[in-house]
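*Asks:* Structure in structure tokens, see below.
Read-outs throughout are calculated quantities, based only on the coordinates presented, and are distinct from any laboratory measurement. Keep in mind it's a predicted model, so treat the numbers as computed, not measured. For neighbour counting, all protein chains shown are included, and Cβ atoms are generated from backbone atoms with ideal geometry for every residue, glycine included.
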Amino acid sequence: MKKNLILIAAAALCACGGRYGAGIPAEYEQLLDGALTGCPRADSLRTLLRETPREERGAMAYLIAWMPQGDRDTMRLDLLRENVTYALRARAEFPWAQALPDSVFLNDVLPYAVVDEVRDAWRRDFYERFAPRVKGCTDIRAALDTVNRILPSAVGVEYNTLREKTNQSPSESMRQGMASCTGLSILLVDALRSVGIPARFAGTASWHDDRGNHSWTEVRLDDGWHFTEFYQPSALDRAWFLADAGQAVPGERKYAIYAVSFRPTGDWFPMVWNEESRDIHAEDVSQSYRDVYAAYADQAARAGTHTTVTFRMFRDKRHATESGDRIAANVDVFCGAEQMGGGRTAGPLQDMNDALKFLLERTAPTRSVTRTPAAS
């Protein structure tokens, strides 16, 4: 009789797919065990897994296994349910999402957050806004271009440093109608993910000339990762900051470029608005930007279509040969309304050969804008 009971119990365990229910890969069980150890809501999260539909359970397990401890302890469970349901709905609906490897979908489409912003219910809202707009798209590139182009008007948000804070969630930015580069990048990542396009947050704590930080968005197409911004640039990998990104310093925390990952990478994203945090996983992608810019500059040089324009700023044109009369000022260069580059001129203590340079198209009508001189 005892042997029969053991066999029945074993059969029941197999039928339910292990301790956390059917549909969860076996390798997740140990991850879940570790994640839930010491978690004050462990029982609630176990119940959530068991109550999640079998076809959604693997995705839910992935999020619970890798989410930051603070989210595991406090995040609203209904947001997790909605996020998983609508992420998988997009995957089932759009062919480009169906074609993604599971590893890419789980890490770069499924996550409910981008960095450390407030966790709010954006997934269903954005799916309902953008899914109808990409329904007729035949491939991922067409869907990307559509979302990127219509996003500012679709969410009613514009760039403005008067926003309440740096790392705004979608609802916070939409309530104010404004965000800076971090909030805009969060919006774009979430909008792309809502229709099954893998996207991630990227940025640097500081450009090479200490002009400050910047954030943007990377998107994964069939040939790998590319970069874009909230205000769609003329082409992928051709944003205004390309020349600056081309001087990123791999391995140097302040001057490197990092891309966020939901699952651990062994490294972390340097959030200048939350400098003590090590919660957001990331990888150093500086070399890829150096390679893109080097290829761009080489192609322009061989084609003879571009020329190097040098900027030096002086307090008085009568002293244009005196190093001590130079001013460190921020300069932006535009072709029409599109920004082509930006940088900071050398100050009085830098070498006279150290000058701000832009690689600009010879025939394009350009203009420069000098902002308030920075302290030198």
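*Asks:* Between residues in region 58-75 that are assigned to a loop (DSSP other than H, G, I, E, B) and residues that are surrounded by 15 or more Cβ atoms within 10 Å (Cβ to Cβ) and not basic (Lys, Arg), which pairs lie under 7 Å by C-beta distance while being six or more apart or on different chains?
*Replies:* 68/279
*Asks:* Show the residue pairs that are 6+ apart or on different chains and have beta-carbon atoms under 7 Å apart, the first residue being within region 165-179 and farther than 15 Å from residue 190 by Cα, the second being in a strand (DSSP E or B) and not aliphatic (A, V, I, L, M).
*Replies:* 177/158; 178/158
*Asks:* Sticking with this one: Quick check on my filter: what residues within region 95-118 are surrounded by fewer than 21 Cβ atoms within 10 Å (Cβ to Cβ) and more than 30 Å from residue 275 (Cα to Cα)?
*Replies:* The answer is 95, 98, 99, 100, 101, 102.
*Asks:* If you don't mind, there's one more thing I want to ask. Out of 84, 104, 118, which single residue is without any contact (Cβ under 8 Å) to a residue 60 or more places away in the chain and in a helix (DSSP H, G or I)?
*Replies:* Working: 104 fails: without any contact (Cβ under 8 Å) to a residue 60 or more places away in the chain; 118 fails: in a helix (DSSP H, G or I).
Sole residue among the options that is without any contact (Cβ under 8 Å) to a residue 60 or more places away in the chain and in a helix (DSSP H, G or I): 84.
*Asks:* Can you tell me how many residues in region 33-49 are part of a loop (DSSP other than H, G, I, E, B) and either in contact with a Phe, Trp or Tyr (Cβ under 7 Å, 6 or more places away or on another chain) or without any contact (Cβ under 8 Å) to a residue 24 or more places away in the chain (or both)?
*Replies:* Filtering region 33-49 down to residues part of a loop (DSSP other than H, G, I, E, B) leaves 37-41.
Then drop every residue that is not either in contact with a Phe, Trp or Tyr (Cβ under 7 Å, 6 or more places away or on another chain) or without any contact (Cβ under 8 Å) to a residue 24 or more places away in the chain (or both), which leaves 37-38.
Final tally of qualifying residues: 2.
*Asks:* Just checking, how many residues over region 159-172 are surrounded by 16 or more Cβ atoms within 10 Å (Cβ to Cβ) and either farther than 23 Å from residue 121 by Cβ or among the hydroxyl-bearing types (Ser, Thr, Tyr) (or both)?
*Replies:* 2
*Asks:* Residues that are closer than 21 Å to residue 206 by Cβ and touching a residue at least 60 places away in the same chain (Cβ under 8 Å): find the strands (runs of 3 or more DSSP E) completely inside region 242-347 holding 1 or more of those. Break it down stepwise before answering.
*Replies:* Values: elements: 257-260, 282-284, 306-311, 330-335, 338-344.
The qualifying strands (runs of 3 or more DSSP E) are 257-260, 330-335, 338-344.
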